[in-house]
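> I am attaching a structure below and will ask some questions about it afterwards.
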Amino acid sequence: KTNTKTLKQFWHALEGVHGLATVEAEWMRLAGSEHDMLRMFLRPNGSLAASYLCTRCGCAHEVITHNEVDIVAVCRCEAQCSNIPLKKPDTIVYEVNRSALGKAVAAALKITADEAPVNGLHQTARIGFCSPFAGYRFPVVLTFQYEPEDMRVTVERLEATMDTAFVLLA
């Protein structure tokens, strides 16, 4: 069973990765002890990382692939950290499976799951409907916006395009 502390780590990890895609090590660092729960919602997106976060200086080191077995993350900042030796699996980028996450959120909130994209809104989808009382049905929308301006635009577009009240999870 999940507790409030657990959810804080889980959501912190999602909030900490712009674009909801990064390497496994970064997901592990952000999610901490809740990485296994988060892992259920991750999938490889088919790309390899161009950078790798250094835990020493906090900078994104450039990933250089010399060959299949000779991959390093090279420091480009003033700290001049040592190269970080990597293996190909270390460079695989994992993204959040937004559909699976939306279904899990819908189930947790006990709303009727009904997934659909919201046209024209980046990282925003309807995950279902909430029926607080008989005869009422409101869409529930999940969005991941990292900049205040992007959130403002998302809310304004939802207000302009929805023909009913809605629930926004952000």
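The values are calculated or read from the model by the stated rules, or taken from the named source; none is laboratory data. Because the structure is predicted, anything quoted here is derived from the model rather than measured. Note that each Cβ is placed from the backbone with ideal geometry, even for glycine, and that neighbours are counted across all protein chains shown. These area figures cover heavy atoms from the full protein model, side chains too; ligands, DNA and RNA do not enter into them. Shrake-Rupley method; radii C 1.70, N 1.55, O 1.52, S 1.80 Å.
> Gap in Å between the Cα centre of the stretch 41-97 and the Cα centre of the stretch 111-170?
35 Å
> Would you kindly work out the equivalent ellipsoid of the stretch 65-157 from its C-alpha gyration tensor and give its semi-axes, the square roots of five times the eigenvalues, largest first in whole Å? List each step's numbers first, then the result.
Values: eigenvalues 350, 61, 23 Å².
Equivalent ellipsoid semi-axes, largest first: 42, 17, 11 Å.
> Evaluate Rg over Rh across the chain, taking Cα atoms for both radii and Kirkwood's formula for Rh.
1.06
> Sticking with this structure for a sec: Can you give the accessible area of residue 8, probe radius 1.4 Å, in Å² rounded to 10?
Result for residue 8: roughly 140 Å² accessible.
> Now for a different question. What nm value, rounded to one decimal, do you get for the distance between residue 109 and residue 168 when each label is placed 7 Å out toward the C-beta?
Rounded to a tenth, the inter-label distance reads 1.3 nm.
> How are the alpha carbon pair distances in the stretch 21-119 distributed across 10 Å bins from zero to the largest one, expressed in percent?
15, 36, 28, 14, 7, 0
> Same structure again: From the phi of every residue in the stretch 61-66, what ³J(HN,Hα) in whole Hz does the Karplus formula 6.51 cos²θ - 1.76 cosθ + 1.60 yield, where θ is phi - 60° and glycine or proline is x?
Once θ is set to phi - 60°, the couplings for the stretch 61-66 become 7, 6, 7, 10, 9, 7 Hz.
> Quick one: compute the contact order of the chain, relative version, from alpha carbon pairs under 8 angstrom and 6+ residues apart, as a percent.
Value for the chain: 15 percent.
> Computed FRET efficiency, Cβ-Cβ of residue 134 and residue 160, R0 35 Å: what is it to the nearest 0.05?
Efficiency for this residue pair is about 0.75.
> Need one number: nm distance between label points at residue 151 and residue 74, each 7 Å from Cα along Cα→Cβ, rounded to one decimal.
Taking the two extended label points, one gets 3.9 nm.
> Which loop GluC sites (Glu not before Pro) in the stretch 25-130, with loop taken from DSSP, have no more than 15 other Cβ atoms within 10 angstrom of their Cβ?
Loop-located and lightly packed - 68, 78.
> Oh, and also: Have a look at 123, 80, 145 and tell me which one the Gaussian network model of the chain (Cα, springs below 10 Å) gives the largest fluctuation.
Looking only at 123, 80, 145, the biggest GNM fluctuation is shown by 80.
> Can I ask one more? With +1 on the Cβ of every Lys and Arg and -1 on the Cβ of every Asp and Glu, and nothing else charged, how large is the dipole of the stretch 65-141 about its Cα centre, in debye rounded to the nearest 20?
Working: 8 positive and 7 negative charges, 85 e Å.
Its charge dipole is roughly 400 debye.
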